[in-house]
Amino acid sequence: MEREADWQGALERAQAYSPYLSGLIEREADIAALLAEGRGEEAIALARSHGSAGGDVGVALRHEKRALALALAIGDLAGAFPLGKVVGELSDFADRSLGTAIAAAIVARLPDAEPAGMLALALGKHGAQELNYSSDIDPILLYDPEKLPRRERDEPGEAAQRVARDVVRTMSHIDGGGYVFRVDLRLRPASEVSPLAIPIEAALIHYESSALAWERAAFIRARACSGDIDAGQQFLAAIRPFVWRKSLDFGAIAEIGRLTGRIRANHKGANGVGPGYDLKKGRGGIREIEFYAQTHQLIHGGRNPALRLRGTRASLDALAEAGIIAADDARLLGESYDRLRTVEHRLQMVADQQTHSLPADPAAIDRVARLDGLPDGAALVGELAAITEAVGQRYDLLVAAHADAGPHPHVAPAIGGDRLAAELERLGFDEAADLAGRVEAWRSGKIRSLRSEAARAAFDAIQPSLLAALARSPDPRRAFLRWEELLTRLPSAINLFHLLEARPALLELLAKVLGLTQPLADALALRADLLDPLIDATAFALPGEVGALVEEFGEGEADDDYQRLLDRVRRKVGEKRFALGVQLVDAMTDPVAVAGAYARVAEAALAVLAGATIAEFEAVHGRIEGSDLVILGLGRLGGGALTHASDLDLVYCFTGGHDEESDGDRPLGATLYFNRLAQRIGAALSVPTAEGALYEVDTRLRPSGTQGPLAVSLDSFERYQREEAWTWEHMALTRARTIFGPAAGQAELGRIVRAVLERPRDPEKLRQDVLAMRAEMARHKPAKGPLDAKLARGGLVDVEFIVHYLQLRDHVGLTPSLPQAIEALAAAGLVPAGLAAAHDALTRLLVAARLLAPDSQMPPPGPCAALASACQCDDWDCLMEGFAGARRVVAQAWAQAFGEQLELDET
């Protein structure tokens, strides 16, 4: 690229149209000579060397700044250096100079000290590594009182302020050699009253408790840039929850919109592109592109770490990749941003002034245009007019589309008293006066989530639409009361109100969920942000395969620790399960397919958590060479069909022998090693964290049940199954599937299971064992109610007993998937052809009823209709007839398999 660059033309234009660059060409002759020969990279290297030339630090840094500014400007004008390289080099120099100034300030007072304990956070364009030629830098200086070197008589705070003052002086001092950077420290916490440098702990307290909304946006682009960078990165990780909120934050759009309005209203420059137009603050300018990206990042970045980028172009591309903005918009805005920033640089090259506005004199605009290589100012103005109009249109649409989102300080309070009661009665609510009183009580301060003025204003904005949606729910009063319960249990609901206002269609969905299903209503009361993913239609697609889910659940920040991983997996699994529950309630998806999706989600969660737990465990105890953990899934997990309420039936095994010992700092023998590891994995799956619970884990199907060790070697497992296991344990193995562990270990465990299932058996003894077990189960675990598709005679338990008996007797259909096993058995003539359809009908009822009739009793009319619809029936009578018909088919299969009649008692 450098060979094609016009280095000579760039030097000529600089000398003709830029007094500042012309002066630098004369002053920095060695740099200019390299540039004249097209040796741009060598010129940059020479410029850098000036900053470490020794002597006075300020003098050396000012020399580097002059030389670097010249090298980058000529390379930029020549077309050799793209915008990204220019702004990156300038930002890197800011990092270096700040670090040098911090170290020099510490050593100046303590010559023998090791510079430590002070750090600089870069914000704004500096943080994004997008500095322009004449940028200020806006660092935040933090210090660790325990590590900052100081004289014995100095207090840590006093020493820190001396360092900070010296840093500002070194960077900002202006003499005949110019300056390094203008430094603005006003972005620090409480800058009007706080010292120049702030203790790290005090800054943490500020951002966790009293920071303002604008500070969130500022920290999108924050970066630890100088000094103790490790401490800076730890600080940024600690305040990440403040910057990146887990729930969608539609209030951010309103805040950005109001800020835009103030900027446009207070903008003193020209309204349209022409003399005096401000490329940064004007309509369609640089700041609106930055706000466009940052607004979407604030809304979605808490949920999608891939959006947590600092650079404007990179952020726009990531938003397009995530499907949040259109790819064409990302391209146009990105290209516009680059061009506007380039013209901004031309303005600043003229006289090294921090300006963003076109000159008021048309002749001066001509000079800027010619410096850029254009024929005249008219060409530049025409190009900028087209760019800013396209940008302005898109930004206006963003703000207008969400103009009503967020807090509404001027919204009139919602109606109350008799007027509210009359409105509720008009909407169709029974006992309207009682409900009106409840609404007024919500606002009286008794409900924590409605105590702030901002929360009440946000609620007022949605109250009419909310009450109307609740009235349209299948069970309006129940939906109303569950909404009240949700409000009571949520510590904060303002983001929920913003979301419902920004996405009114969610009100209907919310009302339906509240009116129909207690389990999903309870989940919302714990985590209102479960609604967030539902703004995207893709949330209602079934989750993908296990591998894709493992990748999704494992995505996080590079510095995430184990606890953050536990929280993230719980959060993502909760969202998947909630979305699947909504699909059931809204009859969007066949419950049989939903059951499979529940199982894939669980298997992926187990894979991610088991892998992370093993890594944590190995960090302390090491590994046992040649031994690995292998996990067997049984029951509905093994069969790949869970319900919303299913627990996970697991058996832990390990390869290798008992005599080995781990090689870590705290070695353990093999048996103890894998038993402790299994306990840790069980806890990772089941112990509640700040994000709630995940799954109940049941390990009672392991060898010797609760009396046996939690994890056993493959040899022990094989010996137990061959010599000691009861018939019911072998029946359980028909649903066994290896779900975690290295491929070789899974294959070996699978071979053992297969060998156990294929062993010859006495058919009559097997029959008697199976019948005795089912009779015992029927006595101790009868059906819970008329809708118990699992335990009712002729239900799913009987299907399982039929299938498992035939699998063990005839070695046909040996697969953990019940549908596949039934298909194979039917093909062999061992079960009626209709058993597959009966199994699916029973499964639909079981899976849907876990949400719509969790107690297996007859639900109210609204959930009744929803349950019938979810089970692909036109009405309740159709559902009950289908249930009865499926049970009759199961009874027929029972008689065929066991030679005795199955009594279908009324449940």
Could you please find all residues in segment 183-209 being free of Cβ contacts under 8 Å to residues at least 24 places away in the same chain and among the β-branched types (Val, Ile, Thr)?
Val193, Ile205
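Mind telling me which of the residues Pro145, Pro115 ends up being within 30 Å of Ala71 (Cβ to Cβ), part of a loop (DSSP other than H, G, I, E, B) and either open to solvent by 20 Å² or more (accessible area, probe 1.4 Å) or in contact with a Cys (Cβ under 7 Å, 6 or more places away or on another chain) (or both)? Walk me through how you get there before you give the answer.
Values: Pro145 fails: within 30 Å of Ala71 (Cβ to Cβ).
It is Pro115.
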Selection from segment 808-827 of residues that are without any contact (Cβ under 8 Å) to a residue 24 or more places away in the chain and in a loop (DSSP other than H, G, I, E, B):
Val812, Gly813, Thr815
Tell me whether segment 336-345 contains one or more residues that are assigned to a helix (DSSP H, G or I), open to solvent by 40 Å² or more (accessible area, probe 1.4 Å) and at pLDDT 95 or above.
yes
So which residues in segment 764-818 are of a type in the set (D, E, K, R) and farther than 21 Å from Phe883 by Cα, if there are any at all?
Glu764, Lys765, Arg767, Asp769, Glu776, Arg779, Arg809, Asp810
If only one of Leu21, Leu35 is closer than 17 Å to Gln348 by Cβ, buried (at least 21 other Cβ atoms within 10 Å of the Cβ) and not hydroxyl-bearing (Ser, Thr, Tyr), which one is it?
Leu21
Within segment 61-81, identify whether any single residue is open to solvent by 30 Å² or more (accessible area, probe 1.4 Å), in contact with a strand residue (DSSP E or B) (Cβ under 6 Å, 6 or more places away or on another chain) and either touching a residue at least 40 places away in the same chain (Cβ under 8 Å) or of a type in the set (S, T, N, Q) (or both), and answer yes or no.
yes
Quickly run through segment 310-357 and pick out the residues that are within 19 Å of Lys85 (Cβ to Cβ) and touching a strand residue (DSSP E or B) at 6+ places or on another chain (Cβ under 8 Å).
Arg310
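Results for (1) on the phi > 0 side of the Ramachandran plot; (2) under 24 Å from the mean Cα position of the chain (by Cα); (3) open to solvent by 50 Å² or more (accessible area, probe 1.4 Å), shown as yes or no for each residue.
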{"site": "Arg186", "(1), (2), (3)": "no, no, yes"}
{"site": "Glu192", "(1), (2), (3)": "no, no, yes"}
{"site": "Ala197", "(1), (2), (3)": "no, no, no"}
{"site": "Tyr207", "(1), (2), (3)": "no, yes, no"}
{"site": "Ala218", "(1), (2), (3)": "no, yes, no"}
{"site": "Arg221", "(1), (2), (3)": "no, yes, no"}
{"site": "Ser226", "(1), (2), (3)": "no, no, no"}
{"site": "Ile229", "(1), (2), (3)": "no, no, yes"}
If I filter segment 882-895 for residues that are open to solvent by 60 Å² or more (accessible area, probe 1.4 Å), assigned to a helix (DSSP H, G or I) and in contact (Cβ under 8 Å) with a residue 12 or more places away in the chain, do I get at least one hit?
yes
Restricting to segment 351-365, name every residue that is buried (at least 20 other Cβ atoms within 10 Å of the Cβ) and in a helix (DSSP H, G or I).
Ile365
Meets criteria (within 20 Å of Gln297 (Cα to Cα), in a loop (DSSP other than H, G, I, E, B) and in contact with a Leu (Cβ under 9 Å, 6 or more places away or on another chain)) for Arg188
no
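Results for (1) within 42 Å of the chain's Cα centre (by Cα); (2) closer than 24 Å to Ala599 by Cβ; (3) open to solvent by 10 Å² or more (accessible area, probe 1.4 Å); (4) at pLDDT below 95, shown as yes or no for each residue.
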residue	(1), (2), (3), (4)
Ala841	yes, yes, yes, no
Val847	yes, yes, no, no
Pro861	yes, no, yes, yes
Phe898	no, no, no, no
Glu903	no, no, yes, yes
Cβ pairs under 9 Å, 6+ apart or interchain, first in segment 687-712 and free of Cβ contacts under 8 Å to residues at least 60 places away in the same chain, second assigned to a helix (DSSP H, G or I) and charged (D, E, K, R), ordered by first then second residue, are Pro688/Arg570; Pro703/Arg719; Pro703/Glu729; Gly705/Glu729; Leu710/Arg676
Conditions (1) modelled with pLDDT under 95; (2) surrounded by fewer than 17 Cβ atoms within 10 Å (Cβ to Cβ); (3) more than 27 Å from Leu766 (Cα to Cα); number of the one not met by Ala833:
(3)
State which residue pairs qualify: first residue free of Cβ contacts under 8 Å to residues at least 24 places away in the same chain and inside segment 765-789, second residue open to solvent by less than 40 Å² (accessible area, probe 1.4 Å) and assigned to a loop (DSSP other than H, G, I, E, B) in any location, beta carbons under 7 Å apart, and separation of 6 or more residues or different chains.
Lys781/Leu791; Pro782/Leu791
Scan segment 653-692 residue by residue and report those that are farther than 20 Å from Leu749 by Cβ, assigned to a strand (DSSP E or B), open to solvent by less than 90 Å² (accessible area, probe 1.4 Å) and not hydroxyl-bearing (Ser, Thr, Tyr).
Gly669, Gly692
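Does Ser713 satisfy the condition of being touching a helix residue (DSSP H, G or I) at 6+ places or on another chain (Cβ under 8 Å), closer than 25 Å to Ala725 by Cα and at pLDDT below 95?
Numbers: touching a helix residue (DSSP H, G or I) at 6+ places or on another chain (Cβ under 8 Å): yes; closer than 25 Å to Ala725 by Cα: yes; at pLDDT below 95: no.
No, not satisfied.
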Within segment 766-787, identify whether any single residue is open to solvent by less than 10 Å² (accessible area, probe 1.4 Å), under 45 Å from the mean Cα position of the chain (by Cα), under 30 Å from Gly581 (Cβ atoms) and not aromatic (Phe, Trp, Tyr), and answer yes or no.
yes
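Out of the residues in segment 306-335 that are within 16 Å of Ala217 (Cα to Cα) and touching a residue at least 40 places away in the same chain (Cβ under 8 Å), which is most open to solvent (accessible area, probe 1.4 Å)?
Step one: list which residues in segment 306-335 are within 16 Å of Ala217 (Cα to Cα), which gives 307-312, 315-316.
Pick out the ones that are also touching a residue at least 40 places away in the same chain (Cβ under 8 Å) and you get 308, 310-312.
Working: Arg308: 54, Arg310: 99, Gly311: 17, Thr312: 6 Å².
Among residues in segment 306-335 that are within 16 Å of Ala217 (Cα to Cα) and touching a residue at least 40 places away in the same chain (Cβ under 8 Å), the one most open to solvent (accessible area, probe 1.4 Å) is Arg310.
Need a quick list: helices (runs of 4 or more DSSP H) entirely within segment 544-645 having at least 3 residues that are open to solvent by less than 40 Å² (accessible area, probe 1.4 Å) and either touching a His at 6+ places or on another chain (Cβ under 8 Å) or small (Gly, Ala, Ser) (or both). Walk me through it before giving the result.
Working: elements: 546-554, 562-585, 591-621, 635-638.
Filter on segment 544-645 gives 562-585, 591-621.
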Arg151: farther than 19 Å from Asp230 by Cβ, surrounded by fewer than 22 Cβ atoms within 10 Å (Cβ to Cβ) and touching a Leu at 6+ places or on another chain (Cβ under 9 Å), yes or no?
yes
Which of the residues belonging to segment 661-705 are in contact with a helix residue (DSSP H, G or I) (Cβ under 8 Å, 6 or more places away or on another chain) and polar (S, T, N, Q)?
Ser662, Thr689, Thr699, Ser704
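A quick yes/no check of all residues on (1) at pLDDT 95 or above; (2) polar (S, T, N, Q):
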{"residue": "Arg3", "(1), (2)": "no, no"}
{"residue": "Leu21", "(1), (2)": "yes, no"}
{"residue": "Ile25", "(1), (2)": "yes, no"}
{"residue": "Glu41", "(1), (2)": "yes, no"}
{"residue": "Ser49", "(1), (2)": "no, yes"}
{"residue": "Arg62", "(1), (2)": "yes, no"}
{"residue": "Asp76", "(1), (2)": "yes, no"}
{"residue": "Glu89", "(1), (2)": "yes, no"}
Scan segment 828-849 and give yes if some residue there is touching a Phe, Trp or Tyr at 6+ places or on another chain (Cβ under 8 Å) and free of Cβ contacts under 8 Å to residues at least 24 places away in the same chain, otherwise no.
no
Count - residues of segment 415-472 that are part of a helix (DSSP H, G or I), open to solvent by less than 40 Å² (accessible area, probe 1.4 Å), closer than 17 Å to Leu496 by Cβ and not charged (D, E, K, R)
15
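The values are calculated or read from the model by the stated rules, or taken from the named source; none is laboratory data. The model shown is predicted, which means the values in this text are computed figures rather than measured ones. Ideal geometry is used to build each Cβ from the backbone, glycine not excepted, and the neighbour counts take in all protein chains shown. The area values use the complete protein model at the heavy-atom level, side chains included, leaving out ligands, DNA and RNA. Shrake-Rupley method; radii C 1.70, N 1.55, O 1.52, S 1.80 Å.
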